[in-house]
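The values are calculated or read from the model by the stated rules, or taken from the named source; none is laboratory data. Predicted, not measured: the structure shown is a model, and the values here were computed from it. Here the Cβ positions follow ideal geometry from the backbone for every residue, glycine too, while neighbour counts run over all protein chains shown. The accessibility values were calculated without ligands, DNA or RNA, using every heavy atom of the protein model including side chains. Shrake-Rupley method; radii C 1.70, N 1.55, O 1.52, S 1.80 Å.
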Amino acid sequence: MRILNFIKTFFRNILLHSGFSLLTLFGLSIGIAMSLLVLIYVYYESNYDRHWPHTEQIFRLYSYGEISGEAIKSAVTPQPLAGVVAQAEDVEAVVRLVPGARKLVAGSFNRSLESGFFYADPGFFEIFDLTFLEGDPHSALRDSAAVVLTRSTALRLFGEEKVKGALLTVEDSSVFRVSAVVEDVPANSHFSFDFLASWPEVEARLRKHPEDERAGMIDNWLHLNSYTYLKAKTNVNVSQLGREVAALTVQEVEQQIAASFSGRGEGEGRIAINFGLQSVSSIHLHSQLDNEPRERASSLYLYIFTAIAIFILLVTAVNFMNLTTAKAARRYKEVAVRKYFGAGRRMLIMQFLTEAVAFSFLALFLALVLVEWLLPVFNAMFQIRMSVADFIREPDTIWILVLTMSLGVLSGSYPALFFSGLKPWSALNGNMRVSRLGLVLRGLLISFQTALALVLLVLTLGMAWQLHFLQRSSHGFQEEDALVVEWGGTDTEGLLELKEGLLQRSEVDKVGLAQFVPGDDPTVVSFRWEGDSTRVLLLALNYVDEGFFEALGAELTAGRWWNAGPDSSGAAEAVISASALRLLEQSGAQQQFLEMIGGRSTARDYRFKVVGVVADIAFSGIKGEARPMVFVPDREAARSEHLIIRLNTAPGAVNAVQEVWREQAPGRTMHYSSLAALKEGFYAEEQRFAHIAVMFALLALVLMVFGLIGMSAFLLQYHQKQLFIRKVLSAGFKDLLAYSLRDYWLFLAGGMALGLPAAAFVLQFWLAGFSRTFVLPFYAYILPVLLMLMLAFVVAWITGGREIRKVVDS
Amino acid sequence: MAGAGVGFEAQANRKALSDTGQRVYDLEQWLMIHTRDLVKGYHGQEVTTPVLINVNIDVGDGEFVAIAGPSGSGKSTLFNILGLLEAPDAGSIVFRGEEVAGLGEADRLALRRGHIAYVFRQFNLVDELSVAENVALPLLYLKMKRSERRERVEEALGRFGLGHISRRFPRQLSGLQQQMTALARATVFQPTLLLADEPTGNLNSAGGSAVMEALSAINEAGTTLVLFTNSMQEAQKARRIIQLFDGHVVTDHAHT
């Protein structure tokens, strides 16, 4: 009953002093909303792959080892691994998931170039239990030419969900029959697919056609190309299982190495591959492997985000205390009267805690509205798919309530102690005096918030600057006026004709063909200098045609471009990148001939004469060191997947290309992008973090403004008596404003003095992750300072000015 | 001087004079308040300002006593001490037979809750509460059934003619209505002692008279009343006047 009275008084108080109360409420809501968003994100990221039934029994096998001192840690494993691991006693099921190449796929409704084509063993759905809209998990991958589609893929290609039995044409040649439609793979899974076809079918076909270059991988322990998952029996000791897997595989691998490398497996040229187990639910945050099917997140970021969420809540709580007690005077009478008429200290503490908790829940309600409203922005920023509904359904929702309750208790604790300790007669007579210590504590909080906002602002500017710097630096190609068009798939018939057709158009300057273009992740292949059997070199291999370098605008730094076709010695000519040259020089060899070791079974040429050196072409941006690369001729365009088209600046050049495409490649959709856009894509991750930093910087600024409002309101109350005395002594408006807010500026300046060096330090820390960096100009530090001073001035003028005017007019 | 006046002639047989000339009561429980040598000062950083010096006051059960004195005479401090809000620095104060000088805040609260009521010059109604809610406020801190509480509030509102404005808020009331509400609030729990600190100070003369009449009525109904005032004219309404000057009791005599 008493509580109802408290809540009634509280709401009437809000209505009576609506301006300041709304400000406090809004501050609290923003704080809660932001920390909720961050916590939802942390929750989302830390629950990857936990939606599979029996997720604790599902493990992925990974490969690790070394090739000539280079460590290998890869998520992909060799094909034969699954068969061997299935023999282990503790294993219930093993399946392989094999990524397919990009394919041109046509349904009855649409036709497009698809990159989500995967193959799997028939037992896939026994481990990864997806909901079937049509078909059943046991037979879905058993028939030949069967393909399982996800719901959104079915909609995209057929315009409807129920498409079981429909035909899907791939690369205009082979036909699959849809055997089942499943729900989309949940967004927080470490892999995703759009199509799933039967891998044993492909395997059987390849065995029948040993001349197919892909047939070599079937029994090859050194060819890593598929993801292998196992479901362990219940209550299995994982380390025991790991040992079992190692024991089963070690001999197979050793035999293969011995066969492939004529007994070499020791010393500097040592090759060793082992297999480990990782729990699927740990992959997203903790896997440190190459060749992940999807982008991972760092657990470090999650710790940082959790800390940020807690920090936001703390600052919000302290701001609430500040704002509540800054305007304490208007509650003095009520508290005094309650004390006169029998309220004890405990009851008053209860009252103020109840109020703060009620306030927090009111703020939570507003915060949820804000979250719902901001979530799309946030999803776009973090590139994820979260929804409040997913989060609210979870039993963990109780934590939101607990958190809000705690926030209420925390933020109400100081007002509760402050008010309950008032002497009623002093409160009634206005003889309240806040201790100097209270002022200093509030001031330090302002300094801290200012420093934090400054650090984030400078960091944001620094990130923007670094991105700009990176994008303007040379990437080894000229991105202006160049298009990259995907040919798509392995069927290259008609590609050379298309190139010729394009070259005949006046709008087109140059055309080049390549297997990989900037933005791709080229295959890394092992090489050695001819005659040097002691060392293996890992180089990215790219099959290109002779037009590639000029179309891309690459720069030759030594030697010459190659001629297509083998030279008199029978070796093909190769151009290497500058960083490959450095690597080769480091190895001390002076040979001119490179010999390919890995991937030899599928290559046409394996002996190359190095004739030229090209400036490093950044395939994935210039954040890290350039990747050593070898460019070898792609004769008859057998491996080319892309065209690079350099246009002249005539208007309608892109239309001209499309026109030629329609003539030469009827029925194929032209997927293209500009080289400039691909380059932009290198820094998507940095861009994402820059956006997040902008968000936090803005939030920090908002929190700082709330802090400043609280501080100025508090100072005016603190100095109120002095203000009246000075007014009587004929001090003017400006004198009074300057007098009452002296400490406000002092603590603000203190925060800036603290924030500037901290900002420089944090920025350097971030920049350490880049191989090329810049020096942030001094005005990038001055601008945020000016912005904050301006905000501080506005706050002082509005909140302080109004109160001082009251004093002057009284 | 303390002891010079005779406040309780009817009970003359119950008191005796000590050697020092001060009154000594053999039946202390008969008294509402009994103070001996009360001392209170305000302690600044370097100087202590004495506010009450050796104050001896007795207020009998059911009495109407006025404590009169100019500003700075120590009235407000005495109000707080007699109201058990503040503890004296030295001396004794007995409330309904119990020594309270050495008690802590919580014990003093337990003694005054439900027994002592206060009325102020500034009315001091809670702005966020309606008239009825203001009146009900002291009952919230007493264990009482809702129905009983409602009954008592209605009765108090009726007594002071506030029934028709019970849903209004203080800012919608005249000064007199506010002070009447304060009186209703002060008497709703039927206190044994009512302390009124310049209750007419913010009212015009008509309002002042109405409040004084109401206070007399409260006293006649059995509540002990101590009126703090700087107006001798008002003090005359009491049956006994204690004059305070610079922290000393200068006179204490019955008024007829």
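Has region A:469-477 got at least one residue that is surrounded by fewer than 19 Cβ atoms within 10 Å (Cβ to Cβ), within 23 Å of A:VAL613 (Cα to Cα) and touching a His at 6+ places or on another chain (Cβ under 9 Å)? No: region A:469-477 contains no residue that is surrounded by fewer than 19 Cβ atoms within 10 Å (Cβ to Cβ), within 23 Å of A:VAL613 (Cα to Cα) and touching a His at 6+ places or on another chain (Cβ under 9 Å).
Residues that are more than 20 Å from the chain's Cα centre (by Cα) and aromatic (Phe, Trp, Tyr) were ranked within region A:763-779; the one that is nearest to A:ARG472 (Cα to Cα) is A:PHE774.
Scan region A:204-230 for residues that are more than 25 Å from A:VAL280 (Cα to Cα), open to solvent by 30 Å² or more (accessible area, probe 1.4 Å) and either at pLDDT below 80 or not in a loop (DSSP other than H, G, I, E, B) (or both) and jot them down. Result: A:ALA204, A:ARG205, A:ARG207, A:LYS208, A:PRO210, A:GLU211, A:ASP212, A:GLU213, A:ARG214, A:GLY216.
Of note, B:GLY74 satisfies the criterion of being on the phi > 0 side of the Ramachandran plot and open to solvent by less than 20 Å² (accessible area, probe 1.4 Å). A:VAL253 satisfies every condition listed in (1) surrounded by 14 or more Cβ atoms within 10 Å (Cβ to Cβ); (2) without any contact (Cβ under 8 Å) to a residue 60 or more places away in the chain; (3) more than 34 Å from the chain's Cα centre (by Cα); (4) not in a helix (DSSP H, G or I) except (4). The residue that is surrounded by the most Cβ atoms within 10 Å (Cβ to Cβ), counting only those in region A:595-626 that are at pLDDT 85 or above and not in a loop (DSSP other than H, G, I, E, B), is A:PHE608.
Within region B:34-48, the set of residues being part of a strand (DSSP E or B) and either crowded, with 17+ Cβ neighbours inside 10 Å or more than 14 Å from chain A (Cβ to nearest Cβ) (or both) comprises B:HIS34, B:THR35, B:ARG36, B:ASP37, B:LEU38, B:VAL39, B:LYS40, B:GLY41, B:THR48. Evaluation of A:ARG177 against the conditions (1) closer than 26 Å to A:TRP52 by Cα; (2) touching a strand residue (DSSP E or B) at 6+ places or on another chain (Cβ under 9 Å) shows that the sole unmet condition is (1). Only one of the listed residues (A:GLU550, A:GLU555, A:GLU573) is modelled with pLDDT of 85 or more, open to solvent by 40 Å² or more (accessible area, probe 1.4 Å) and more than 30 Å from A:PHE774 (Cβ to Cβ). That residue is A:GLU550.
To keep it simple, each residue is scored yes or no on (1) in a helix (DSSP H, G or I); (2) at pLDDT below 85.
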site: A:LEU370; (1), (2): yes, no
site: A:TRP373; (1), (2): yes, no
site: A:PRO376; (1), (2): yes, no
site: A:ILE392; (1), (2): yes, yes
site: A:ILE398; (1), (2): yes, yes
site: A:GLY412; (1), (2): yes, no
site: A:MET432; (1), (2): no, yes
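I'd like the residue in region B:94-146 that is more than 8 Å from every other protein chain (Cβ to nearest Cβ) and among the polar types (S, T, N, Q) and, out of all such residues, is surrounded by the most Cβ atoms within 10 Å (Cβ to Cβ). Filtering region B:94-146 for residues that are more than 8 Å from every other protein chain (Cβ to nearest Cβ) and among the polar types (S, T, N, Q), the one surrounded by the most Cβ atoms within 10 Å (Cβ to Cβ) comes out as B:ASN134.
Has region A:430-444 got any residue that is touching a Ser or Thr at 6+ places or on another chain (Cβ under 7 Å) and either within 16 Å of A:VAL318 (Cα to Cα) or of a type outside the set (D, E, K, R) (or both)? It would help to see each step written out before you state the result.
To start, the set of residues in region A:430-444 that are touching a Ser or Thr at 6+ places or on another chain (Cβ under 7 Å) comprises A:432.
Now narrow it down to the ones that are either within 16 Å of A:VAL318 (Cα to Cα) or of a type outside the set (D, E, K, R) (or both): A:432.
Taking every residue of region A:430-444 in turn, at least one turns out to be touching a Ser or Thr at 6+ places or on another chain (Cβ under 7 Å) and either within 16 Å of A:VAL318 (Cα to Cα) or of a type outside the set (D, E, K, R) (or both).
Test A:ARG177 against the criterion of being assigned to a strand (DSSP E or B), under 14 Å from A:PHE195 (Cβ atoms) and open to solvent by 50 Å² or more (accessible area, probe 1.4 Å), and give yes or no. Against the criterion (assigned to a strand (DSSP E or B), under 14 Å from A:PHE195 (Cβ atoms) and open to solvent by 50 Å² or more (accessible area, probe 1.4 Å)), A:ARG177 qualifies.
Table: residues versus (1) surrounded by fewer than 22 Cβ atoms within 10 Å (Cβ to Cβ); (2) of a type outside the set (S, T, N, Q); (3) touching a residue at least 40 places away in the same chain (Cβ under 8 Å).
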residue: A:ILE72; (1), (2), (3): yes, yes, yes
residue: A:VAL84; (1), (2), (3): yes, yes, yes
residue: A:GLU92; (1), (2), (3): yes, yes, yes
residue: A:LEU97; (1), (2), (3): no, yes, yes
residue: A:ALA101; (1), (2), (3): yes, yes, yes
residue: A:LEU104; (1), (2), (3): no, yes, yes
residue: A:SER108; (1), (2), (3): yes, no, yes
residue: A:SER112; (1), (2), (3): yes, no, yes
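Out of all the residues in region B:162-186, which are over 11 Å from B:ALA132 (Cα atoms) and surrounded by 18 or more Cβ atoms within 10 Å (Cβ to Cβ)?
Scanning region B:162-186 gives B:LEU173, B:LEU176, B:GLN177, B:GLN178, B:GLN179, B:MET180, B:LEU183, B:ALA186.
Within the option set A:ILE271, A:ILE283, being modelled with pLDDT under 85, touching a strand residue (DSSP E or B) at 6+ places or on another chain (Cβ under 8 Å) and crowded, with 16+ Cβ neighbours inside 10 Å holds for one residue only, A:ILE271.
Determine, yes or no, whether A:PRO651 is at pLDDT below 85 and surrounded by fewer than 22 Cβ atoms within 10 Å (Cβ to Cβ).
Working: at pLDDT below 85: yes; surrounded by fewer than 22 Cβ atoms within 10 Å (Cβ to Cβ): yes.
Considered against the rule, which asks whether it is at pLDDT below 85 and surrounded by fewer than 22 Cβ atoms within 10 Å (Cβ to Cβ), A:PRO651 comes out as yes.
Among the candidates B:ARG149, B:ARG159, the residue that is facing another protein chain (nearest Cβ under 9 Å), open to solvent by 20 Å² or more (accessible area, probe 1.4 Å), at pLDDT 90 or above and more than 17 Å from A:LEU348 (Cα to Cα) is uniquely B:ARG149.
Taking A:LEU104 as the residue in question, decide whether it is in a helix (DSSP H, G or I) and away from every other protein chain (no Cβ under 14 Å).
Values: in a helix (DSSP H, G or I): no; away from every other protein chain (no Cβ under 14 Å): yes.
No: the conditions fail for A:LEU104.
From the list B:ALA221, B:ALA196, pick out the single residue that is free of Cβ contacts under 8 Å to residues at least 12 places away in the same chain and within 29 Å of B:LEU109 (Cα to Cα).
Values: B:ALA196 fails: free of Cβ contacts under 8 Å to residues at least 12 places away in the same chain.
Criteria check complete, one pass: B:ALA221.
For region A:334-346, the candidate set comprises residues that are closer than 11 Å to A:PHE419 by Cα and of a type outside the set (Lys, Arg); within that set, the residue that is nearest to the other protein chains (Cβ to nearest Cβ) is A:GLU334.
Taking (1) within 14 Å of another protein chain (Cβ to nearest Cβ); (2) basic (Lys, Arg); (3) surrounded by fewer than 16 Cβ atoms within 10 Å (Cβ to Cβ) in turn, A:ARG331 satisfies each apart from (3). Taking A:VAL369, is it more than 14 Å from chain B (Cβ to nearest Cβ), open to solvent by 40 Å² or more (accessible area, probe 1.4 Å) and on the phi < 0 side of the Ramachandran plot? Yes, satisfied. Every listed requirement among (1) open to solvent by 20 Å² or more (accessible area, probe 1.4 Å); (2) over 26 Å from A:ILE58 (Cα atoms); (3) not hydroxyl-bearing (Ser, Thr, Tyr) is met by A:ARG142 save one, (2).
Picking from A:ALA626, A:ALA618, A:ALA637, which residue would you name as being in the same structural domain as A:THR492 (by TED's automatic domain parsing) and in contact with a His (Cβ under 9 Å, 6 or more places away or on another chain)? If you could, list the steps in order and put the result at the bottom.
Numbers: A:ALA626 fails: in contact with a His (Cβ under 9 Å, 6 or more places away or on another chain); A:ALA637 fails: in contact with a His (Cβ under 9 Å, 6 or more places away or on another chain).
Step by step, each of A:ALA626, A:ALA618, A:ALA637 is checked, and only A:ALA618 is in the same structural domain as A:THR492 (by TED's automatic domain parsing) and in contact with a His (Cβ under 9 Å, 6 or more places away or on another chain).
Scanning region B:50-79 for residues that are among the polar types (S, T, N, Q) and either within 14 Å of chain A (Cβ to nearest Cβ) or part of a loop (DSSP other than H, G, I, E, B) (or both) returns B:ASN56, B:SER71, B:SER73, B:SER76, B:THR77. Annotation note: of A:LEU763, A:LEU746, the sole residue that is of a type outside the set (Gly, Ala, Ser) and within 30 Å of A:SER620 (Cα to Cα) is A:LEU763.
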